[in-house]
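Taking it in order: structure first as structure tokens, then the write-up.
The values are calculated or read from the model by the stated rules, or taken from the named source; none is laboratory data. Model, not experiment: these values are computed from the prediction. With ideal geometry, Cβ positions are generated from the backbone for all residues, glycine too; neighbour counts draw on all protein chains shown. Quick note on the areas: whole protein, heavy atoms, side chains included, nothing else; ligands and nucleic acids left out. Shrake-Rupley method; radii C 1.70, N 1.55, O 1.52, S 1.80 Å.
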Amino acid sequence: MSAWRPIFDAFESRDDERIVAHCDPEIEWHTLWPGMERVFRGWAGVTRWRAAIDEALAGLSLQMEEAIQLGPDLFFLAYRLSARGRQSGVASQMEIYDLWKLRDGKLLCRRTFRDRHGALAAAGELAG
């Protein structure tokens, strides 16, 4: 099993204890979600981000489309989020392009990009 998979599965579960167990205490969780902070830090930040997503979306599911190991602890992930707005009920889907950096098997940094090319172009910044 790839090192990213248990972390991805934890986030998909939306179980705070399980998520935190897979995150480094110094995690930086970057997001492009409209109306949200751009960076959530530490376990409390990740828990706050997840609660905000659950408040906005219902029926959330994630479908992994591509995963590439770029270095010993660096991964490119492309996945599709499907959900509906909790208030509006409108169904939506979006492509998400992430770089994940791990430390000692735990997620240290997640950066999100608007497209695949942008994510792969930024990989060098996280590799070091």
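Structural remarks
- Here is the figure for region 68-91: residues that are open to solvent by 50 Å² or more (accessible area, probe 1.4 Å) and assigned to a strand (DSSP E or B) total 6.
- Subset of region 58-116 [under 19 Å from Asp9 (Cβ atoms), more than 16 Å from the chain's Cα centre (by Cα) and not charged (D, E, K, R)]: Gly59
- Unique match (being open to solvent by 40 Å² or more (accessible area, probe 1.4 Å), closer than 19 Å to Leu99 by Cβ and not in a helix (DSSP H, G or I)) among Glu26, Glu12: Glu26
- Near pairs, Cβ below 8 angstrom, 6+ apart or cross-chain, from region 19-35 (among the polar types (S, T, N, Q)) to any residue that is surrounded by fewer than 13 Cβ atoms within 10 Å (Cβ to Cβ): Thr31/Arg38
- Flag if Ser61 is among the hydroxyl-bearing types (Ser, Thr, Tyr), free of Cβ contacts under 8 Å to residues at least 12 places away in the same chain and not in a helix (DSSP H, G or I): no
- Top-ranked residue in region 1-18 [being touching a residue at least 24 places away in the same chain (Cβ under 8 Å) and closer than 16 Å to Glu55 by Cα; ranked as farthest from the chain's Cα centre (by Cα)]: Asp16
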